[in-house]
2 protein chains.
Amino acid sequence: MSLLAVGSVAFDDLETPFGKRERALGGSATYFSLSASRFHPVRVVAVVGDDFGPDQMRVFDQRPIDLEGLSHVPGLSFHWKGAYGYDLNEAKTLATDLNVFADFKPDLPPAYRHSDYLFLGNIDPVLQLDVVRQMTTRPKWIALDTMNYWIRGARPALEAVLREVDILLVNDAEVRELTQEHNLIKAYRRIQQLGPRILVVKRGEYGVALFTPEGIFAAPAYPLEDVFDPTGAGDTFAGGFLGYLAWIERSDATALKHAALMGSVMASFTVERFSTERLESVSQDEVRNRLSLFSDMIRVEDL
Amino acid sequence: MSLLAVGSVAFDDLETPFGKRERALGGSATYFSLSASRFHPVRVVAVVGDDFGPDQMRVFDQRPIDLEGLSHVPGLSFHWKGAYGYDLNEAKTLATDLNVFADFKPDLPPAYRHSDYLFLGNIDPVLQLDVVRQMTTRPKWIALDTMNYWIRGARPALEAVLREVDILLVNDAEVRELTQEHNLIKAYRRIQQLGPRILVVKRGEYGVALFTPEGIFAAPAYPLEDVFDPTGAGDTFAGGFLGYLAWIERSDATALKHAALMGSVMASFTVERFSTERLESVSQDEVRNRLSLFSDMIRVEDL
């Protein structure tokens with residue numbers, strides 16, 4: 001099995017009520033690959049500028065992350081500046097500097113074109129579709145993340161790529177805007193018509209809902225006493241979810257439930273510190289222990 | 001075992017994007033008792049006016065609901081008018097006419113003063129404390145609901161009654177305002193200092209979180225395709241929760257989890273129709289079937 005992620009590698013300026021960080025490592029491909037690589041090797045396709053140096057490279061080098069698909073081009077890397085209030089549920093974007101990302105045109109190394117699992121991070125759906133077309137064999141699973149910016153501004157392209165997608169991972173507001181349907185059961189039916197047969201709705205502090213043809217599964221978020229920075233939680237979830245599926249090589253409903261729990265556990269580590277700080281340091285034992293606590297928490301024993 | 005509920009019986013004018021109802025039966029004691037009486041007989045202490053007639057009485061008469069404590073006084077019953085937008089998460093109050101409720105002074109019939117389970121619906125905390133003081137034996141469980149109006153405007157009285165309470169049932173915003181703490185784990189610690197050893201946080205479409213000294217349990221809401229009117233969902237939950245506990249006569253952590261699921265199932269019926277329409281008609285088989293579907297939905301089978 002092989003797992004390919006396409007997305008952004010960025011520098012983030014982050015501000016929350018609990019502190020701030022400047023030029024911290026971020027981006028969808030970063031969080032995804034750091035999370036998924038706990039379970040399975042990951043190939044990354046993204047673009048960085050001259051400011052991406054040995055300090056950043058070291059973060060990836062400690063993991064089974066293949067950076068053959070990471071283009072280094074002259075200029076500055078993608079930069080995002082965001083701030084959160086106390087409820088931490090929604091980021092306020094203060095600045096977005098595309099920099100080298102403005103001309104990003106994913107070009108998959110030949111070996112990548114046969115990947116079994118493909119994650120299309122939140123980028124222009126035109127590029128997402130272009131990546132799908134570069135695959136010489138159809139991946140077993142194609143998962144896609146998107147956002148309201150593309151839903152509003154690039155719907156035809158988004159609908160074109162969604163026809164190729166198996167798993168859509170979005171938040172409540174995004175699935176409602178995409179389907180023009182408030183009720184999630186009805187929204188899932190509409191998503192199925194658009195292409196994806198599986199819908200994962202990320203709900204932040206309220207957890208995750210998983211819609212499959214076999215039924216609905218929902219789990220709360222792992223409860224944390226200290227949440228510092230929600231940036232990257234969604235991509236970390238996606239990494240845990242797909243990395244775990246690639247590892248266990250199963251695609252049944254039970255495997256998907258376990259993958260959703262694993263995604264939630266990985267995301268719970270990300271939000272405990274700024275940027276990728278906690279995700280970089282978390283050990284296999286910590287992941288295992290938290291998964292065990294989480295499973296106990298949602299289990300209902302017989303009376 | 002005996003179960004006593006003190007609260008309001010009201011007429012509601014309701015408006016949602018899906019329709020409207022005028023002078024529909026409502027009130028915390030109404031929803032609570034209709035829900036709890038599916039599991040255990042309920043005693044009700046409340047007040048109604050001349051407009052509460054045979055049509056309303058019939059709704060209660062079909063159930064093991066003891067109305068000896070329901071005062072009939074001259075005047076009009078409590079009246080509430082509210083409207084909801086598409087997200088149905090928050091009601092906009094358009095009118096509140098206390099009417100006979102303005103002079104409500106609960107006076108417990110002698111037999112009620114020995115009840116094993118006491119539910120204090122969302123009324124003035126001064127009255128809630130007065131009810132507790134009328135009990136000649138200390139109930140096994142005292143559960144309390146409140147709202148931001150009392151948290152802001154009657155904090156000393158609320159804190160006085162909370163010292164007597166075992167189970168606090170509130171929503172996210174209420175527990176955050178009461179404790180001045182956004183994080184729910186920290187908020188629970190503060191609640192314990194105030195008195196209640198169990199905290200139930202009602203999260204609407206996101207389900208419920210249960211905090212006990214043994215740990216945290218969280219479950220999603222039962223997913224519904226059609227939600228018409230969320231009025232009474234919280235009191236219906238409380239009724240299912242306490243009615244079920246009274247029925248099984250257990251108070252351990254497993255029993256509390258099952259009670260939370262039962263409360264969620266009962267609430268899912270309430271919101272499917274306006275007012276108490278669905279709650280009145282739901283059959284034991286329907287409750288059992290939905291609980292079974294719900295349990296399957298949140299169960300994570302071993303791999």
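Shape analysis of the stretch B:72-205 places it in the oblate category; the axes a ≥ b ≥ c from the Cα gyration tensor give an a/c of at least 1.5, with a/b not above b/c. Considering only A:Leu14, A:Ser71, A:Gly53, the residue lying farthest towards the positive end of the dipole of chain A is A:Ser71, judged by Cα position with unit charges set on Cβ.
Rounded to the nearest 20, the Cβ-based charge dipole of the stretch A:1-54 about its Cα centre (Lys and Arg +1, Asp and Glu -1) stands at 300 debye. For chain B, excluding the exposed loop sites themselves (GluC sites (Glu not before Pro), DSSP loop, at most 14 other Cβ atoms within 10 Å), the longest remaining stretch covers B:91-213. Inter-part distance, the stretch B:139-178 to the stretch B:77-93, computed on C-alpha centroids, equals 21 Å. Using the Cβ-Cβ distance between B:Asp103 and B:Gln180 with R0 set to 30 Å, the FRET efficiency works out to roughly 0.35. Taking the helices alone, chain B has a mean residue ellipticity at 222 nm of -11000 deg cm²/dmol, built from -39,500 (n - 2.57) per DSSP H run of at least 4 residues and averaged over all its residues. Averaged over peptide A:250-258, the number of partner chain Cβ atoms lying within 10 Å of each residue's Cβ comes to 2. Annotation: amide H-H contacts under 5 Å for B:Ile216 (H modelled 1.01 Å from N, sequence separation of 5 or more, or interchain): none. Computed from backbone phi, the HN-Hα couplings of the stretch B:109-115 come to x, x, 4, 6, 6, 10, 5 Hz, rounded to whole numbers (Karplus: 6.51 cos²θ - 1.76 cosθ + 1.60, θ = phi - 60°; Gly and Pro given as x). Label-point spacing at A:Asp55 relative to the other copies reads 7.3 nm, in ascending order, each point sitting 7 Å out from Cα along Cα→Cβ.
Sequentially through the stretch A:235-247, phi angles give Karplus couplings (6.51, -1.76, 1.60; θ = phi - 60°) of 6, 5, 4, 4, x, x, 5, 6, x, 5, 4, 5, 5 Hz, Gly and Pro residues having no value and appearing as x. The modelled label-to-label distance between B:Lys20 and B:Asp296, using points 7 Å beyond Cα along the C-beta direction, is 4.1 nm. Relative contact order of the stretch A:3-298: 18 percent, from C-alpha pairs under 8 Å at least 6 residues apart in sequence.
Shielding by partners for peptide B:290-296, expressed as the average number of C-beta atoms from other protein chains within 10 Å of each residue's C-beta, is 1. Each other copy places its own label point for A:Leu194 at 4.1 nm from this one, sorted shortest first, where the point lies 7 Å along the Cα-to-beta carbon line.
Dipole check for the stretch B:149-233: with +1 at the C-beta of Lys and Arg, -1 at the C-beta of Asp and Glu, and the Cα centre as origin, the magnitude is about 500 Debye.
Classify the stretch B:158-238 as rounded, prolate or oblate from the Cα gyration tensor: take a ≥ b ≥ c as the square roots of its eigenvalues, call it rounded if a/c is under 1.5, otherwise prolate when a/b beats b/c and oblate if not.
Here the stretch B:158-238 falls in the prolate category.
Remark: label point of B:Arg113 defined 7 Å out from Cα along the Cα-Cβ vector; separations to the same position in other copies 8.8 nm, ascending. For the stretch B:104-183, applying the loop criterion from DSSP together with a ceiling of 14 other beta carbons within 10 Å to the trypsin sites (Lys or Arg not before Pro) yields B:Arg163. The rotation axis taking chain A to chain B passes closest to the C-beta of one chain A residue; that residue and the distance in whole Å read A:Tyr206, 2. The charge dipole of the stretch B:3-298, taken about the Cα centre with unit charges on the Cβ atoms of Lys, Arg (+1) and Asp, Glu (-1), comes to about 900 debye, rounded to the nearest 20. When DSSP assigns beta bridges and you keep just the ones with both residues in chain A, what percent turn out antiparallel, to the nearest 5? The antiparallel fraction comes to roughly 40 percent. For the stretch B:256-303, the set of trypsin sites (Lys or Arg not before Pro) satisfying both a DSSP loop assignment and a count of at most 12 other C-beta atoms within 10 Å is empty. If both residues of a DSSP beta bridge must be in the protein assembly as shown, then about 40% of such bridges are antiparallel. With an a/c value under 1.5 for the gyration tensor axes a ≥ b ≥ c computed over the alpha-carbon atoms, the stretch B:3-298 is described as rounded. Across the cross-link table entries A:Lys81/B:Lys202; B:Lys20/B:Lys202; B:Lys105/B:Lys186, which are compared at the Cα atoms, the separations over 27 Å belong to A:Lys81/B:Lys202; B:Lys105/B:Lys186. With neighbours defined as other Cβ atoms within 10 Å of a residue's Cβ, the residues B:Ile298, A:Ile185 order from fewest to most as A:Ile185, B:Ile298.
Values quoted throughout were computed directly from the atomic coordinates according to the rules given, and no laboratory measurement underlies them. Quick caveat: nothing in here was measured; it's all calculated off a predicted structure. Ideal geometry is used to build each Cβ from the backbone, glycine not excepted, and the neighbour counts take in all protein chains shown.
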